[in-house]
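J.: Can you read through this structure? Questions will come right after.
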Amino acid sequence: MKKRIPVLFGVESFSGGVLRHVVDLALALDPEEFEVHLITSSLRTDQEASDSIKLLEQHGIRVVLLPIRHGAAFPGDCMQIVRIARYIRCHRIAIVHAHSTKAGLLFRLAAWWSGTRTIYTPHCYYFHARAGMCRRIILSAERFLARKTDAVILAENERCAALDASAVNVARIRVINNAMATFRYQIYSREETQRAWELPQQNYIIGGVGRLCRQKQWRVLIEAAAEVFRHRDDVTFLIAGEGEERASLERAIRKRHLEGKVRLLGHVSDVSKTYSCLDVFVSTSLWEGLPYAYLEADCFGLPMILPRLPYLDRLFQGESYRYFPPGDSYAFANQLLLQLEAMSVNGKKPEKTAKMSQPDKEAFDRFVSAHRQLYLELAERI
């Protein structure tokens with residue numbers, strides 16, 4: 001009987017799409033083939049993260065919390081690199097799989113120091129969100145670390161952006177698109193979910209899902225909502241998610257007198273309920289990789305209004321998708337009004353189509369299989 005391959009997932013911010021990606025992958029790997037470990041930050045564990053950690057531990061996955069700070073935190077970061085390297089050696093980790101920018105820095109350095117095979121999934125390169133000297137510094141760090149990394153996993157759209165920026169050599173890139181574990185979702189009655197949140201049944205419900213953070217730019221949604229309400233009042237806006245910008249967003253809502261019209265739902269444990277009650281899905285992000293929220297909304301058959309981010313519109317094409325320049329609240333409001341007008345002319349609200357079917361299951365199976373093959377390859381099992 002072959003010995004299990006010890007794989008360590010390294011994550012700093014265990015939330016949102018990164019959390020879903022890691023949890024789905026960790027639970028899908030064969031426990032008789034892989035011994036999965038997770039190290040994440042104890043400083044950014046919200047309710048969603050705590051619930052997910054319990055779930056992982058119930059399935060025999062070892063979870064370790066370290067006080068990893070967001071952003072630059074020298075000399076504390078040096079201490080975390082030492083601790084991670086010590087863990088790698090103590091548990092004879094065969095493969096370190098780092099996720100997102102901060103963990104990508106710490107865990108890849110620790111793995112390099114320990115002589116361990118390394119994989120990096122950036123979940124959208126952070127330098128896309130920066131300009132000037134800051135961008136050059138982050139991009140230089142990514143280029144240096146890419147040379148110390150065995151494989152960099154990117155979605156199709158991220159591959160184009162990475163190559164344009166010369167962030168990684170093409171030979172190290174593995175293209176693996178995110179995919180949904182569709183068996184974790186279900187479609188609820190629209191009326192049932194709207195009643196549960198006391199939403200007006202006659203209104204169109206427009207909303208998005210994501211952390212309340214700078215990246216998601218929810219203030220753009222609030223500004224666009226104010227413009228929409230100048231033309232019609234049969235709309236309610238929802239944002240499902242929690243984060244550090246809640247207080248400032250609440251102030252923005254009050255300033256524009258949108259209380260009750262734009263609602264912050266906070267953390268929703270069963271995100272299926274959010275998609276089930278929406279008529280239109282929206283996003284206002286400044287940057288994204290291949291976000292799970294888009295995949296989820298697509299699988300729930302929702303029309304989508306999205307920021308035109310680099311290369312992402314190649315993956316979401318057709319009449320169901322509208323685009324606007326990132327950060328432009330007036331252009332966003334215009335697309336919202338056009339979508340509402342089209343829906344009003346049709347005389348009915350979109351029915352949720354159960355697209356979560358065999359093709360989606362096959363996509364998730366390919367997602368897991370591609371990771372498994374890469375792990376086996378790096379562990380020299382093939």
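The values are calculated or read from the model by the stated rules, or taken from the named source; none is laboratory data. Predicted model, so just to flag it, every value in this text is computed and none were measured. No Cβ is skipped: glycine too gets one built from the backbone with ideal geometry, and neighbour counts run over all protein chains shown. All accessible areas refer to the heavy atoms of the entire protein, side chains included, with ligands and DNA or RNA removed. Shrake-Rupley method; radii C 1.70, N 1.55, O 1.52, S 1.80 Å.
J.: If you scan the stretch 367-382, which residues turn out to be modelled with pLDDT of 95 or more and either open to solvent by 40 Å² or more (accessible area, probe 1.4 Å) or within 23 Å of the chain's Cα centre (by Cα) (or both)?
T.: Residues satisfying the conditions are PHE367, VAL368, SER369, ALA370, HIS371, ARG372, GLN373, LEU374, TYR375, GLU377.
J.: In addition: Give the residues of the stretch 336-364 that are loosely packed, with under 13 Cβ neighbours inside 10 Å and at pLDDT 90 or above, sorted by residue number.
T.: LEU338, GLU341, ALA342, listed by residue number.
J.: Sticking with this one: Within the bounds of the stretch 211-223, is there any residue that is over 17 Å from PHE332 (Cα atoms), assigned to a loop (DSSP other than H, G, I, E, B) and touching a helix residue (DSSP H, G or I) at 6+ places or on another chain (Cβ under 7 Å)?
T.: Yes: one or more hits.
J.: How do the helices (runs of 4 or more DSSP H) wholly within the stretch 224-302 filter down when requiring 3 or more residues that are closer than 21 Å to GLY16 by Cα and over 21 Å from the mean Cα position of the chain (by Cα): which remain?
T.: Fully inside the stretch 224-302 and qualifying: 246-255.
J.: Filtering the stretch 141-168 down to residues that are within 28 Å of ARG89 (Cα to Cα) and free of Cβ contacts under 8 Å to residues at least 24 places away in the same chain, which residue is most open to solvent (accessible area, probe 1.4 Å)?
T.: Of everything passing the filter in the stretch 141-168, ARG147 is most open to solvent (accessible area, probe 1.4 Å).
J.: Looking for something within 30 Å of ALA155 (Cβ to Cβ) and of a type in the set (D, E, K, R) - is there at least one such residue anywhere in the stretch 72-89?
T.: yes
J.: Further question on the same structure: Condition first: in a helix (DSSP H, G or I) and open to solvent by 10 Å² or more (accessible area, probe 1.4 Å). Can you find one or more residues in the stretch 197-205 that meet it?
T.: No - not one qualifying residue is present in the stretch 197-205.
J.: Another question, if that's okay. Note down all Cβ pairs under 6 Å where the first residue falls in the stretch 368-379 and is farther than 13 Å from ALA28 by Cβ, the second is aliphatic (A, V, I, L, M) and open to solvent by 30 Å² or more (accessible area, probe 1.4 Å), and they're at least six residues apart or on different chains.
T.: From residues that are farther than 13 Å from ALA28 by Cβ, the pairs are LEU376/ILE382; ALA379/ALA94.
J.: Further question: Check whether at least one residue in the stretch 75-92 is open to solvent by less than 10 Å² (accessible area, probe 1.4 Å), touching a Ser or Thr at 6+ places or on another chain (Cβ under 7 Å) and touching a residue at least 12 places away in the same chain (Cβ under 8 Å), and report yes or no.
T.: Checked against the condition, which is being open to solvent by less than 10 Å² (accessible area, probe 1.4 Å), touching a Ser or Thr at 6+ places or on another chain (Cβ under 7 Å) and touching a residue at least 12 places away in the same chain (Cβ under 8 Å), the stretch 75-92 yields at least one hit.
J.: Considering (1) part of a helix (DSSP H, G or I); (2) under 20 Å from GLY16 (Cα atoms), say which one GLY71 fails and leave the rest.
T.: Exception for GLY71: condition (1).
J.: Limited to the stretch 258-274, what total is found for residues that are in contact with a Lys or Arg (Cβ under 9 Å, 6 or more places away or on another chain) and at pLDDT 95 or above?
T.: Matching residues across the stretch 258-274 total 2.
J.: Moving on to the next point. On the basis of being more than 20 Å from GLY17 (Cβ to Cβ), in contact (Cβ under 8 Å) with a residue 60 or more places away in the chain and open to solvent by less than 30 Å² (accessible area, probe 1.4 Å), does ILE95 make the cut?
T.: Criteria met by ILE95.
J.: Taking the stretch 1-57, which residues are within 22 Å of LEU374 (Cα to Cα), open to solvent by 40 Å² or more (accessible area, probe 1.4 Å) and in contact with a strand residue (DSSP E or B) (Cβ under 6 Å, 6 or more places away or on another chain)?
T.: Passing the criteria: ARG4, GLU35.
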